[in-house]
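Here is the structure we will look at.
The values are calculated or read from the model by the stated rules, or taken from the named source; none is laboratory data. As the structure is a computational prediction, the values presented were derived from the model and not from experiment. Reconstructed Cβ throughout: ideal geometry from the backbone, glycine too, with neighbour counts over all protein chains shown. Surface areas here come from the heavy atoms of the whole protein model, side chains and all, with no ligands, DNA or RNA. Shrake-Rupley method; radii C 1.70, N 1.55, O 1.52, S 1.80 Å.
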Amino acid sequence: MTNEGMRIFSLSIFIFILSLSGAQLYGQSDTLVFNSGNRIVGEIKKMEKGILEIDAAYGDENFKIKWLQIDYIHTTSKFLINIKNQIYEGQIATESDKTIRVFQADSTYITCALEDIVYLKQYKDGFSNRFSAAVEVGFNLTKAQDVRQFSFRSSVGYKTSKSTFSASYNILRASQSNTETVKRTDGLLNYSRILIKDWYGVASIYTLSNTEQKIDLRANSQLGIGNYLYATNRAYWGIVTGVNNNLERFTNSQSNRNTWEVFYGTELNLYDVEDFNLAFVFVGYSGLTEKGRFRADTTIDAKYDLPWDLFIRLGFSLNYDNQPAINASQTDYILRTGIGWEW
C-alpha cells in the first residue's frame, strides 16, 4: 500500500472511530428544557438539595441548575432516584401532562410531580459511584492570651437502593496561656435501611471524648426506627427513637458506667436557599436503668457551597448531662468554623 493510501486508510479509521464515539455520547445524552425555553444536552450527574448538576460538552465545569426551574427532562442514563424516601433504579422523562415518569425499559415504576423527586444520582456499577466523602479543617488564633484552636471534621458515605452507610470522625484542640488544653474527639458509624414507605431502621455506634466533662470515653450503641415526616428537594424533617446502651469511662473516676437508655431525636435540613444549607439535629436520652438521668446532644451547622466542590461551614455543638462525672461540668459546647471539600 502506498503512503497516500496508508494516510487515507488511517484517516478513514479515525473518522469511523470518532463517529462511533459521537454516536455513543449522543445515545447517552440527557436533555433538559428550562422554564425560559432554553435547552441543554449533556450527562446528568446528580440532583441533590434542589440543585441539579449536568456535564455538557461546551462547559469546562458541570452546570448547576435549580431543580424547580426545569420544565422538561428526559434521561438515557440510569439513576438512583429517591421519591419521598422510596428508592427506584431507572430513567426519568416528562410526560405530556408535565408529570415525571420513572421507568426501566418498558416498565413504569411510578409517575409523580417534579417536586416529589428528592434525590437523583447517576447509577453505575462499582464502589466509587455510590461513595461520597468530605473533609474540613479550621484554625483560629488570637494574640490575647495566646488562644489557638484547631478543628478537623471528616465523613464518608455509601448508598445503595435500600440502605445507607455513613461514618464521621471529628477532632477539636484548643489551647490558651495558663490553662489546660481542651480536647474533644467524636466518631460515628451509622447504618440505615428503608423498611416500608417513609419508615426506616437504624443502627449506630457513637463515641465521644472530651476534657470539659471529664469523659475519657463514652460509647453509645443504638438500635431504633425512624420516620420522615416531610421530604422534598427543598428540605426534609425526620424523627427517630429506640434504645441505647451507654458505656462510659471518666478521667477522674475508677468506676465505669454501663446503662440503658431510651433515645429520641429529630433532624431538620433546609437546602433550597441558593448555595446555603442549614442542618439541625437533636437527640435526647432518658435513663432506663439509671432513673432520673437525662442527656442531650444538639448540633447546628450552617454551610455555604463554593465553586470546585469547596464549602465553608459554621457549626455549633452542645452536650448536656444532668448527672455528669464528679467535679465535671453539666454542659460542653463548641463553636467552630472551617473550610472543606466534598466529593
Answer in debye to the nearest 20: the dipole magnitude of the stretch 105-253 about its Cα centre, from +1 Lys/Arg and -1 Asp/Glu charges placed on Cβ, is 240
A 1.4 Å probe over the protein heavy atoms gives the stretch 220-290 a carbon and sulfur accessible-area percentage of 62
Counting helices only, and only those DSSP H runs with n ≥ 4, report the 222 nm mean residue ellipticity of the chain as the sum of -39,500 (n - 2.57) divided by its residues, in deg cm²/dmol to the nearest 500. -2500 deg cm²/dmol
Could you report the stretch 194-343's accessible area per residue, 1.4 Å probe, as an integer in Å²? 52
So for R0 = 22 Å, FRET eff. of Trp308-Ser154 from the Cβ-Cβ r, to 0.05, ends up at 0.75
In the stretch 40-108, the trypsin sites (Lys or Arg not before Pro) that sit in a DSSP loop and have at most 11 other Cβ atoms within 10 Å of their own Cβ are Lys98
Where does helix 3-27 land angle-wise versus the long Cα axis of the chain, in degrees 0 to 90, nearest 10? 50
Once Phe276 and Ile339 are pulled to full extension, the length gained, defined as 0.36 nm per residue separation minus their Cα-Cα distance, is 21.3 nm
Which value, in debye to the nearest 20, describes the size of the charge dipole of the chain about its Cα centre when Lys and Arg Cβ atoms bear +1, Asp and Glu Cβ atoms bear -1, and nothing else is charged? 760
Go ahead and collect, in residue order, the members of the stretch 218-233 whose backbone nitrogen is under 19 Å from a label point 7 Å along the Cα-Cβ direction of Glu290. 218-223
Could you run the Karplus curve 6.51 cos²θ - 1.76 cosθ + 1.60 with θ = phi - 60° over the stretch 228-242 and give me ³J(HN,Hα) per residue in whole Hz, x for Gly and Pro? 8, 6, 8, 8, 9, 7, 9, 6, 9, 9, x, 10, 8, 8, x
